[in-house]
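The block underneath contains the structure these notes are about, expressed in structure tokens.
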Amino acid sequence: MRTFGCQMNVHDSERLSGLLEDAGYVRAAGDATPDVVVFNTCAVRENADNRLYGNLGQLRPVKSGRPGMQIAVGGCLAQKDRGEIVRRAPWVDVVFGTHNIGSLPALLERARVREQAQVEIAEALEHFPSTLPARRESAYAAWVAISVGCNNTCTFCIVPALRGKEKDRRPGEVLAEVRALVAEGVAEVTLLGQNVNAYGVEFGDRQAFSKLLRACGRVEGLERVRFTSPHPRDFTDDVIEAMAETPAVMPHLHMPLQSGSDAVLRAMRRSYRSDRFLGIVSKVRAAMPEAAITTDIIVGFPGETDADFEETLRVVREARFSQAYTFQYSKRPGTPAATMPGQLPKELVQERYERLVALQDAISWEQNRELVGRRVELLVAEGQGRKDDERHRMSGRAPDNRLVHFAAGEEPPRPGDLATVEVTYGAPHHLVADGAPLAVRRTRAGDAWAARQGAPAARPSVTLGMPAVGRPEPLPAATGCAAPER
Ligand code: SF4
């Protein structure tokens, strides 16, 4: 399984893996050549199709040398390109879209029996993905989709065209899934939707999302609740109150700004203005002074003037984000913005981008330095890379989602356990705790992680240098709002 793009795709891939395992498939071990390769694609980048066809081209000789091997392509690019995929890469066996991921096992089987490529794209959602089986990558943290699709029409975004109108899942179903996950040992859930603040629009409850947050907070044994992504237009005060009053809901808000210029927001068809955005930020700060606020920003949207860009810098200075995910605007085929006049030269966008990154880095670093000496409880994560191993360190996420590297100590906690550490250094993008944990709370999530060790299915898939399905990426990220790969 090769996954590109946003968390919604990562979560869909967990479902696809679960479906295939239910149908009797098992993961290819180690560096073995698999019998089935599934690409779950993303369409937000201008060169997404080049990447896909490049990857498919690499697989062609592999498939020729392995009779019976099957290649399936799903996700947003498949929804967009449909039959074009088998025209350009006739060695592909199955093409399926964003609305019919549940069909994958049947399509693979049909392609095998008929010895013919199967292309099946549905125009509307067949099953809510969360009703399908899942092969979850993490023992201690899980995504829970509460809605799919989006009713907004942001001019840079392909999501509404490819994922369709918003479909909300009933709160009872969401909570049943959360309880089932907690029973399996999961300590943290991230509620996932393209626009979580619009949740409830389908069943006519404007406060459905805040009620859902509070209900999740009452699930016995659930340590942490996060969500992504909210939309400033639909953000209501009851959500802030629910966050502040529900201890399990973590003090972190990832809210895409996209631009600080009202003119650019208008051109993006984002129906809030910078003063509303800053108003939400100050209400969140008043209710939760310890909260970290992160954002997404697009630099160089068509028609963005120097004055517009200065407005973005102003909002960044005022909002004091703890982190911003900044993107240079790039055309996404099929979106209104791709054909707008005023597309900016690359050098200008690059120069603005560097100024914005420098400003945000300075703000992030200043905030992180202020945290030195603070004690924080971390949800311990699985290995965060070579440096951690070399330095005998581990990593975890603080309640506000900051990444903290800490000394593992004599008796290292397990991923999924909760460790209290004292911050000794603040870097621009992470914190360090040089001492061993001051306290460790062994959790059922840690037990669940330990129980999975040694089970082959728990290991990540072979990546061949391409993104693999992973456990929930703890960095905040939009699921459609900008939705780029990170
Ligand atoms: S950017 Fe976000 S809110 Fe806008 S259309 Fe895309 S998914 Fe919807």
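Any read-out appearing in this document is the output of simple, stated calculations on the displayed coordinates, not a laboratory observation. From a predicted model like this one, the values you see are computed outputs, not experimental measurements. Methodologically, a virtual Cβ is constructed for each residue, glycine included, from the backbone with ideal geometry; neighbour enumeration extends over all protein chains shown.
By the rule of a C-alpha distance below 25 Å, with chain neighbours fewer than 8 residues away ignored, the lysines paired with Lys283 are Lys211. By the count of neighbouring beta-carbon atoms within 10 Å, fewest first, Glu377, Glu245, Glu14, Glu188 end up ordered Glu245, Glu377, Glu188, Glu14. Rg/Rh for the chain stands at 0.95; both radii use Cα atoms, and Rh follows the Kirkwood definition. Classify segment 375-452: rounded, prolate or oblate, from the alpha-carbon gyration tensor (a ≥ b ≥ c, eigenvalue square roots; a/c under 1.5 rounded; otherwise prolate if a/b is larger than b/c)? Note, shape of segment 375-452 comes out prolate.
In this simple spin-label approximation, Arg317 and Ala451 carry label points 7 Å from Cα along the Cα→Cβ vector, and these lie 5.4 nm apart.
The slack between Arg112 and Ala28, meaning 0.36 nm per residue of separation minus the straight C-alpha distance, is 28.3 nm.
Placing dummy labels 7 Å off each Cα toward the beta-carbon, the span from Arg179 to Arg218 is 1.1 nm.
Partners of Lys346 within straight-line reach, counting lysines whose Cα lies under 16 Å from its Cα and excluding those fewer than 8 residues away in the same chain: Lys331. Legend: calculated FRET efficiency, Thr305 to Asp361, from the Cβ-Cβ distance at R0 = 35 Å, rounded to 0.05, equals 0.90.
Between Tyr53 and His430, what's the calculated FRET efficiency when r is the beta-carbon distance and R0 is 51 Å? Round to 0.05. That gives a FRET efficiency of 0.90.
Place a point 7 Å from Cα of Ala263 in the direction of its Cβ. Which residues in segment 323-340 have their backbone N less than 17 Å from it? 340, by backbone N distance to the label point. With point charges of +1 on the Cβ of Lys and Arg and -1 on the Cβ of Asp and Glu, referenced to the Cα centre of segment 2-126, which listed residue (Phe96, Ser64, Gly75) lies farthest in the positive direction of the dipole? The residue sitting farthest along the positive end of the dipole is Ser64.
Going by the alpha-carbon gyration tensor, a ≥ b ≥ c the square roots of its eigenvalues, is segment 243-374 rounded (a/c under 1.5) or, if a/c is not under 1.5, prolate (a/b greater than b/c) versus oblate? Numbers along the way, then the final one.
Numbers: a/c = 2.35, a/b = 1.69, b/c = 1.39.
Here segment 243-374 falls in the prolate category.
Between Phe203 and Glu21, the FRET efficiency estimated from the beta carbon spacing at R0 = 25 angstrom works out to 0.20. This ranking places Arg374, Arg397 by how few other beta-carbon atoms lie within 10 Å of each, fewest first, which gives Arg374, Arg397.
Hey, fewest Cβ within 10 Å first, where do Asp49, Asp389, Asp12, Asp31 land in order? List each step's numbers first, then the result.
Values: Asp49 18, Asp389 12, Asp12 26, Asp31 7.
With the sparsest Cβ surroundings first, the list reads Asp31, Asp389, Asp49, Asp12.
Out of all DSSP beta bridges with both ends in the chain, state the antiparallel percent to the nearest 5.
In the chain, approximately 35 percent of DSSP beta bridges are antiparallel ones.
With the cut-off at 1.5 for a/c, could you classify segment 2-126 from its C-alpha gyration tensor as rounded, prolate or oblate? Cα axes put segment 2-126 in the rounded bin.
Mind putting a number on the dipole of segment 375-452 about its Cα centre? Charges go on the C-beta only, +1 for Lys and Arg and -1 for Asp and Glu, and I need it in Debye to the nearest 20. List each step's numbers first, then the result.
Details: 12 positive and 12 negative charges, 41 e Å.
With only Lys, Arg, Asp and Glu charged at Cβ, the dipole is about 200 debye.
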